[in-house]
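Visitor: Can you read through this structure? Questions will come right after.
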Amino acid sequence: MALLRRSLFLLVSFLLVAACQRGGSRPDAASFARRLPDGARVHELAFADLAGDGVDDALIAATATVAGEAQLVAFVFVGERGGRYTPSLRRRLRGDEWLPVQVGRPGDGPPAAVFAARGGSTAALSYIVVQQRGRAPQVTLENAGLLVGRVRFVPEGLLESHGDTDRLFRWTDAGWQPEDLGYQYVPPLPAGTEKIEYWVDAVRGPMTHAPRTLQLRVGQHLFLLRADRGPPGRVTLVGAPATYAMGQDGLIALRQPGQFEIHIEGPAYSGRTLAIAVRVVR
């Protein structure tokens with residue numbers, strides 16, 4: 001059942017993305033820019049059928065200047081049969097750098113679009129979720145100021161990450177319902193993945209039973225799993241970036257021979273750091 005659910009999730013996500021990429025005679029970014037406030041620039045234009053009526057809506061991540069200040073503003077134009085687009089939603093996000101617009105379906109809920117941005121000296125994450133509610137698109141979920149933050153669709157709903165802690169939002173008839181996980185969210189892991197479990201002690205900082213030095217092979221994967229709840233920590237990879245690639249779900253793919261270190265910092269980045277050396281061989 002879990003495998004079937006994940007397969008359906010991937011199929012629905014593919015269809016929604018395909019809908020965003022359909023061509024035709026739809027207006028381009030320059031056409032929409034002329035309908036935005038003076039001086040606004042379109043960073044990204046995507047299309048998705050939020051209402052489920054077979055007509056795509058336009059999702060626009062833009063930069064507008066208000067009182068001499070550059071602001072990130074999300075716009076939604078509702079698509080109508082005949083090729084018309086009517087402005088329906090406008091919402092400012094905190095930040096100075098847009099992230100790609102995401103479109104997906106949270107479980108059995110209506111399609112959703114996520115506008116996300118980073119900003120400030122800490123590159124904190126801000127995001128909004130837009131869905132069709134009633135007769136118009138509305139913001140159904142939002143958050144801001146997430147240090148080392150990420151947000152993405154998963155088969156169960158929407159996953160919000162704050163450092164090395166996760167919070168899952170499930171869609172219900174009443175809207176989004178948060179669920180604090182007892183540990184980090186674990187995506188499907190390829191066979192042979194090396195999983196490193198760790199926890200953070202309030203006094204001694206990050207700890208693990210795993211070896212502090214690992215030797216793995218090209219083609220293997222690593223996954224770091226925080227096995228407790230508490231204030232968020234931070235995970236960074238240091239050295240030889242060509243050796244590895246970290247996906248959005250936290251899965252680390254080992255690409256070529258080399259060496260790097262995994263640094264796990266405790267809450268508030270207090271200087272208590274767990275270091276694990278990784279050597280990658282053929």
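The values are calculated or read from the model by the stated rules, or taken from the named source; none is laboratory data. Quantities reported herein were computed from a predicted structural model and do not represent experimental measurements. Quick reminder, even Gly has a Cβ in these numbers, built from the backbone with ideal geometry, and neighbours come from all protein chains shown.
Visitor: Yes or no: Gly230 crowded, with 17+ Cβ neighbours inside 10 Å and under 22 Å from the mean Cα position of the chain (by Cα)? Don't jump to the end; show me each part of the working.
Guide: Numbers: crowded, with 17+ Cβ neighbours inside 10 Å: no; under 22 Å from the mean Cα position of the chain (by Cα): yes.
It is false that Gly230 is crowded, with 17+ Cβ neighbours inside 10 Å and under 22 Å from the mean Cα position of the chain (by Cα).
Visitor: If you take the residues in region 27-50 that are without any contact (Cβ under 8 Å) to a residue 40 or more places away in the chain and in contact with a Ser or Thr (Cβ under 9 Å, 6 or more places away or on another chain), which one is surrounded by the fewest Cβ atoms within 10 Å (Cβ to Cβ)?
Guide: Residue satisfying both the conditions and the ranking: Asp38.
Visitor: Do the conditions hold for Val101, that is, is it in contact with a Ser or Thr (Cβ under 6 Å, 6 or more places away or on another chain) and of a type outside the set (Gly, Ala, Ser)?
Guide: No, not satisfied.
Visitor: From the residues in region 183-210 that are under 9 Å from Arg226 (Cα atoms) and of a type in the set (A, V, I, L, M), which one is surrounded by the most Cβ atoms within 10 Å (Cβ to Cβ)?
Guide: Val200
Visitor: Identify the residue in region 127-168 that is closer than 17 Å to Leu224 by Cβ and more than 10 Å from the chain's Cα centre (by Cα) and, among all such residues, is modelled with the highest pLDDT.
Guide: Per the criteria, the residue is Asp166.
For (1) touching a His at 6+ places or on another chain (Cβ under 9 Å); (2) closer than 23 Å to Arg167 by Cβ, each residue gets a yes or a no:
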| site | (1), (2) |
| --- | --- |
| Arg212 | no, no |
| His221 | no, no |
| Leu237 | yes, no |
| Gln248 | no, yes |
| Arg255 | no, no |
| Gly258 | no, no |
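Visitor: Working only within region 198-249, note down all residues that are of a type in the set (Gly, Ala, Ser) and assigned to a loop (DSSP other than H, G, I, E, B).
Guide: Ala202, Ala210, Gly219, Ala227, Gly230, Gly233, Gly239, Ala240, Gly247, listed by residue number.
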